[in-house]
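Report on the structure given below.
The values are calculated or read from the model by the stated rules, or taken from the named source; none is laboratory data. The structure presented is a predicted model; accordingly, all values stated were derived computationally and were not measured. All Cβ positions, even for glycine, are placed from backbone atoms using ideal geometry, and neighbour counts span all protein chains on display. Areas reflect the complete protein model, heavy atoms only, side chains present, ligands, DNA and RNA absent. Shrake-Rupley method; radii C 1.70, N 1.55, O 1.52, S 1.80 Å.
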Amino acid sequence: MKPRFVGQPIKRKEDPRLVTGASAYVDDIVLPGMLHMAVARSIHAHARIKSIDTSRASKLPGVRAVVTGEEIAANCGQLPAAGDIKNMKRPVHHPLAVGKVRFVGEPIAAVLATDAYVARDAAELIQIDYEELPAVTNPEKAVQQGSPILHEEFSDNVAYSFGWENGNTEDGFSKADTVVKQRFINQRLAPVSMEPRGVIAAIRMPENELVVWSSTQVPHLLKTQLGLMLGIPENRMRVIAPEVGGGFGSKLNVYAEEALVGYLAKKVGQPVKWIESRRENMAGTIHGRDQINDVELALKKDGTILAMKLKVIADIGAYYQLLTAIIPTLTGLLAPGAYRVPALKFDLVAAFTNKMATDAYRGAGRPEATYLIERIIDIAARKLGMDPVDIRRKNFPKPAEFPFQTSGGVFYDSANYEKALDRALEVADYKGLRKKQAELRKQGKYMGIGFSSYVEICAMGPSIAMASGGWESGTVRIEPTGTVTVSTGASPHGQGQETSFAQIAADELGIDMENVTVLHGDTARTPYGIGTFGSRATAVGGTAMYLALQDLKEKMKKFAAHMLETTPGNIEFEVGKLVMTGTARSVSFMDVVTSAYVAKKLPPGVEPGLEATRFFEPSNFTFPFGTHICVVEIDEETGEPKVVKYVAVDDCGNVINPLLVEGQVHGGIVQGISQALYEEVVYDENGQLLSGTLMDYAVPRAHDFPMFELERTVTPSPVNPMGIKGAGEAGTIGSTPSVVNAVVDALAPLGVTHIDMPLRPEKIWKILKLGRAS
Amino acid sequence: MDVKITINGKLYEKDIEPRLLLTHFIRDAAGLTGTHVGCETSICGACTVLAGGLAVKSCTMFAVQANGAEILTIEGMAREGEMHPLQESFWEEHGLQCGFCTPGMIMTCHQLLTRNPSPDETQIRGALDGNLCRCTGYQNIVKAVQSAAGKMKHRRGAAAGD
Amino acid sequence: MIAQQFDYTVAASVAEAVALLQKHGDRARILAGGHSLIPMMKLRLAMPEMLIDIGRITELSYIKEESSYVQIGALTTHHAIESSVIVQRRCPALSEAAGLIGDIQVRNKGTIGGSIAHADPAADYPASILAFDAVVITIGPKGERQIPASQFFLDLMTTALEPNEIVRAINVPTRTGRSASAYVKMAQKASGFAICGASAVVELDASGALAHAAIGVTGVGNRAFRATETEKALHGRKPTAELLRAACEKAAGGVSALDDIHASAEYRLDLVRIFARRALEKAIERAGN
Ligand SMILES: Cc1cc2nc3c(=O)[nH]c(=O)nc-3n(C[C@H](O)[C@H](O)[C@H](O)COP(=O)(O)OP(=O)(O)OC[C@H]3O[C@@H](n4cnc5c(N)ncnc54)[C@H](O)[C@@H]3O)c2cc1C
Ligand code: FES
Ligand code: FES
C-alpha cells in the first residue's frame, strides 16, 4: 500500500483549536474553590536569612496560608537531580530556601490566597531580613580557593569534575604541523517559552488522588518525582500536561513550585494554582549553555585533523535541577562534529555560582560542541590558508564508513555530509557570494560568509545513556466502531505529533486521518513514558506506536485470514480493507474490527480485542546533520550585523510531515541566530540579574531575519524502522556557528579571528574602530 | 467600580477593582481565555486584542479604561463557525506551533491588514514588532499574512462584484 | 505583574483634570495612554494611590496646521502622528520618530503628551522636540504656560512641569522655504527604545548653504540635548560630506553618557556622531528635493 499521508505536508490537526482560542493552557483552567499561590523570592544572590516575618501577609483578608522553608523541608522531599558522576557533590535543595539563599529569585516563602491579586499583595508584605554574603558569579573564580562557598557542607564550589580520552591525543599533537587554540565562551541563555510555567493541583475523590496540571514536557516523570517528594503513592498521582506553550527544555524538569502547589493543595484541601510571571521565569526557570571551552586542535599542513583537546568549565549555577549535571557532559560526545578527529581529550569542571541553575535548553550540550568544532575548524582553515569548505570536506568521513565511531565515543548512524554541503553551496551560489564579497571589500564594506556543517545527537536515546531511561511507549486501540485511539508516552507541545502520528497510523491501517485521535500528556490516559525532548518524540515515541501498529496489523491479519480461510501471510492491508494477496478477495477493515470485538469466531489461539502497547528501546541515538550557510553584512560605522541570506540543507532522515520539519528548522535557526547575535543572561558581579525582563533580554523579532532558504537531503536512519532521525534541534545547533563564522569572515581583513557571543554591535564597532585606527 | 465592556458583541457588566487589567477582565470575568499573558513588560503581545478597532496589549490597560468600549478577541474572529481568513492562513501555512502567541499575532495582523490590505514582507515583519514567537521563526507567519491578504482581497473583490 | 491598589477617576475636561490634580495632590498621577505608567505600576516601580484618567478628553487629541507651526494635542497617539499627512509633510522627523516608537500596539495607545511628561531618557520624541525648538503648552491652576523645549527636559524623568500641571499641547514651529527634517535611531534590541536617536531640522538658502541646522539627540544622556557645536560649525556653510563629517565629530559636546548592559557610554557617544550625521544627510537630501 502506497503511503497516502506520510511524507505529505498535511495541515495540523491541533491547529483549529489553537487559532480560535479554544484550547486550554494551564492558566486557562479554572476549578471550583481554586486558590492562588504567589512566591516571595530572594532579592540577593547570596545571603543568610536572619528572619522571615509573615504576620502582615497572613493578616491580609483573603490570605489562606503562608509557608516558609522549614515547614516545606519537614514535609516535602528535595528537588530531584539526575547524574551519577563520580565525586559529584550533591547539595541540599529544598523547594523553599532554608537558612540561606544562593541566587536572585530563589523561592523563600509561598502565600495562598483566594485571588491572584491578593496573593501577590501578600507576597509583597512578607518581610525577609537578610545578612548579605559575598557572591561569586564567575565560574573560574568560583572554583578557586578563597572564593565564597555556596554550599557550606562542601569545601569548595567544584560541583564535579569529569573527563576522558579516546585515542592518543598527545601522539596527535606531537605529529602536528600546526596547532590552533581558542577560548570560546558560550553565553548563558534564557529559554523563554512564550507561555511561562504554570501548575494547578487538586485532590480528587473518590480515589483521593492528587491531580496536577503542569506546563511540562515530562508528565510521567513529574508524576513519579512529585509522588516521591510529596509522599503520595504513585498510583494516586495523576499529572496532566494540557496545552503547553513551548518548552525548549525549560519544562523538562521538576520545579520547586510544582511541589509547593501539590503540598498546599493537600494541606488546605482545595485546588491551588500558580502561574509564573515573566520576571520569575527569567530568574527562576532554568537557563541554558554557560560554558567556557578551551579548545586546541592539531592538524597536518593539508588540513587533516589529528587530535583535539577540550577543556570545559561549566557554570551550572547554585543548585542542580533535573539534568543540570548531565548537560555539560554531552558536549564531549559531540565535540568531533562531522569530522574524523582521531583522538580527543575531554576535561570538564562544573562550578557552583550564585545564579539560577543551567539545564537542558534546545540542543543541550550539543550546540556548545558544534559551536566549538565549527569555530575552531574555521580558525584552522584561516591559519592554513584553506577555504572553509575545503577543510570541512577533507575531514568528513565518507558515506561508506558509517556507522562511524567517533572519538566522542558514539557511533554515528548514517550520513552523507558532502552531499548536504554541496547542495548548500549550490543553493547559496557560493562562488557568486565570494565574488560579491571581493567587490564589497574593495568598497570598504564588510560582508561575510559563514559555514556550519553540523551533526547532532537526536532521538534520545538508548537507556544506557540516559538517567531515567531512553525508551518510549505507545498504545494503539482500534475501537469497536473502527476509530483509532493512539496514546503516546511522549508529550508534544508544539511539535505537531497529533498530526504526524495520525499520518503514520492512518497509513499503516489504511484508514483516514480523521479517524485517528492521538492522546498525550495525561498520565491516566497514556502508557508510562519518558516525554518530549532531545528530538525524540517521533523517532522514539513514533516508533513505539509504529511497533504497536504492527502488532495490531498482525492480529488483524489473523482475523482476516480466518475469515477468508487462508493464512495470515497471504493478507495485505489496503485502504479500507484487508486483501488476500493476488486475489480480488478481501474483507473490510470494519468487518475485521467487528469480528475481533464480537469474538464469535476467534481464530485459534487469538484473543479478542484490538489494543496493543509497545515500548521502544532504541539501539542508538540518531545523528541528523547538514550544512548551513549564513551571509551577514555589517554596518561599517555602528557595527550592526545583519543576516542577509541564510541557506540550510538539513538531513533528518525520513520525514513524516515536511511542514512540521520545516517549522522546527525555522524556529531553531532563529533561536540559534539569536544566540549568536542578541541573547544573553547577564548577572552583575554581585549576582544581580540585569536581564530580568523582556525589556532587557532580547528575544528576536520578525524584522531581524530574512526569508530562510531550506532544502533537505534524505539519509534514512537504520536505528528505527521508519528511518527517522529527528528534527527538533537541528536548526539551533547548526545556525549559531554559521553566523559567528560569517561575522568573523566579514572582519577577517582586519585580522579578526574570533569574537565571543553575543555579537552585539558594540563589540564589532570596537574592532572596526581599532581597525580604522591602525 | 462598575464597568460595562462589550466583548465580541456581548456586554459584560461587572463591579471591579480599578487595578484589574483588561486582560484579566477578558480572561477571568468574561471567561475568554484565548487571550494570553506572556510577560508583564508589555513586550510579548500574547495579550493583543482590538479595542475600538485598535490593536492594543490588553495587559497594558486597566479594564476601567475600557469602560464602554467594544473589544474583539480571538474568540470573536470566526463567524458562524467559519474561520477568519487569517485563522485559515495561519493553519494552512503552519504559522504556529505551540500556539501560545497565535491569538495575539492574529489580532495584530488583523489590524495590519485593515490599515494596509497588501503589505510587503518588510511591512509585515515590522508590524509584528509587538508580538514575539519563540517557536516558528516567524517565516510561516509572514507567509500566512501574505496568504490571508490575498484571500481577503479576493473576497472583497467577489463581494464587490456581486 | 499586578499593580498596587489605587483609586480611579475619569476627568471629563482639561479643567476638571487640573482641579482633580489640585485636590488630590501628591497622591495622584495623570493616566494618559498608560504605556509608561502602567508597566511601571505592574512592576510596582510606581505606586500612585490615585489615577486621574485623561484618556477620554477627546479635545486633547488633534493635529492642527497653522502657517508657522503645527500644534499637536497632548493626547494625540503615536499612531496618529505617524500617519498624519500634515506631520509627514511639515515635520517628517516627528512622524518618523512616532513610527519608530515600540510597536503597532504601543503606538495605538501611547500619547505624545505622556511621552514628553514622562521624559524617559531613551524616548524618541525629545530629540525632535528639541530640534524643532517646539513649545510645550501646559495648563495648571495658575493657567497656561508656554515652555520652550530647551527649558522643558531637565533630567532623568524630570521636566519643568509643576506638580499640578498637565501638558495640553505641543507647538512645533516649521520653516518655509527649502527646509526639512529627519529622525534616525538605533534601537535597544529588547525594548525598542533608543540607544541613540538623532533628529535634524535644516533649511537651505538659495545657494544651497545651511541657513539653519538644528540637531536633537536622545537615548544618550540623562536627558535629550542639542548638538550645539555641530550646529555652529554648520551654520551658513555648504553641507559637503566632508563638512558634515567634521561637524558631527563634536555632536556629543561634553555630555556624560548613560552606560548599561546594552551600550557603554563610549559607544553611545560615538553613535551620536554617526546618527547626527545620518539625520543631517537625510534631512538635507529631503530639503534639496
Ligand atoms: C513595549 C513598549 C515599548 C515602547 N517603546 C518606546 C520607544 O521605542 N520609544 C519611545 O519613545 N517610547 C516607547 N515607549 C513608551 C511609550 O511611547 C509611551 O506611550 C509614552 O512614553 C507615554 O505615553 P502615555 O500616553 O502612554 O503616558 P502614560 O503612561 O499614561 O503616562 C506617563 C507619565 O506621564 C504623565 N502624563 C501623561 N500624560 C500627561 C499629560 N498630558 N500631562 C502631564 N502628565 C502626563 C503620567 O502621569 C505619567 O507619569 C514604549 C512603551 C512600551 C510599553
Ligand atoms: S502579556 Fe506580554 S505584552 Fe501583554
Ligand atoms: S507558536 Fe509558540 S510562541 Fe508562537
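Looking at residue B:117 and the list (1) open to solvent by less than 10 Å² (accessible area, probe 1.4 Å); (2) more than 14 Å from chain C (Cβ to nearest Cβ); (3) away from ligand 3 (no atom under 12 Å from the Cβ), which single condition is not satisfied?
Residue B:117 satisfies every listed condition except (1).
Can you tell me which residues in the stretch B:53-72 are away from ligand 1 (no atom under 16 Å from the Cβ) and surrounded by fewer than 24 Cβ atoms within 10 Å (Cβ to Cβ)?
Within the stretch B:53-72, B:53, B:67, B:68, B:69, B:70, B:72 qualify.
Among what's in the stretch A:668-694 and is among the aliphatic types (A, V, I, L, M) and crowded, with 19+ Cβ neighbours inside 10 Å, pick the residue that is nearest to residue A:150 (Cα to Cα).
This residue is A:689.
When residue A:98 is evaluated against the numbered criteria (1) free of Cβ contacts under 8 Å to residues at least 60 places away in the same chain; (2) open to solvent by less than 30 Å² (accessible area, probe 1.4 Å); (3) within 20 Å of residue A:259 (Cβ to Cβ), which criterion, by number, is the only one it fails?
Only one criterion in (1) free of Cβ contacts under 8 Å to residues at least 60 places away in the same chain; (2) open to solvent by less than 30 Å² (accessible area, probe 1.4 Å); (3) within 20 Å of residue A:259 (Cβ to Cβ) is unmet by residue A:98, namely (2).
Need a quick list: helices (runs of 4 or more DSSP H) entirely within the stretch C:1-97 having at least 1 residues that are more than 12 Å from chain B (Cβ to nearest Cβ) and more than 10 Å from ligand 1 (Cβ to nearest atom).
C:14-24, C:78-83, C:85-90
Given the criterion open to solvent by less than 10 Å² (accessible area, probe 1.4 Å), within 19 Å of residue A:421 (Cα to Cα) and within 13 Å of chain B (Cβ to nearest Cβ), identify the matching residue among A:699, A:665, A:740.
A:665
Looking only at residues in the stretch B:1-35 that are open to solvent by less than 10 Å² (accessible area, probe 1.4 Å), more than 24 Å from residue B:135 (Cα to Cα) and not in a helix (DSSP H, G or I), which one is farthest from the other protein chains (Cβ to nearest Cβ)?
B:5
How about the stretch B:39-83: which of its residues are touching a residue at least 60 places away in the same chain (Cβ under 8 Å), within 16 Å of ligand 3 (Cβ to nearest atom) and in contact with a Leu (Cβ under 7 Å, 6 or more places away or on another chain)?
Those that are touching a residue at least 60 places away in the same chain (Cβ under 8 Å), within 16 Å of ligand 3 (Cβ to nearest atom) and in contact with a Leu (Cβ under 7 Å, 6 or more places away or on another chain): B:43, B:44, B:45.
So how many residues does the stretch A:303-332 have that are open to solvent by 10 Å² or more (accessible area, probe 1.4 Å) and in contact with a helix residue (DSSP H, G or I) (Cβ under 7 Å, 6 or more places away or on another chain)?
5
If I ask for residues that are surrounded by fewer than 18 Cβ atoms within 10 Å (Cβ to Cβ) and away from chain B (no Cβ under 14 Å), which ones from the stretch A:704-715 would you list?
A:711, A:714
Kindly indicate which of B:112, B:132, B:128 is touching a residue at least 12 places away in the same chain (Cβ under 8 Å), open to solvent by 10 Å² or more (accessible area, probe 1.4 Å) and within 11 Å of chain C (Cβ to nearest Cβ).
B:112
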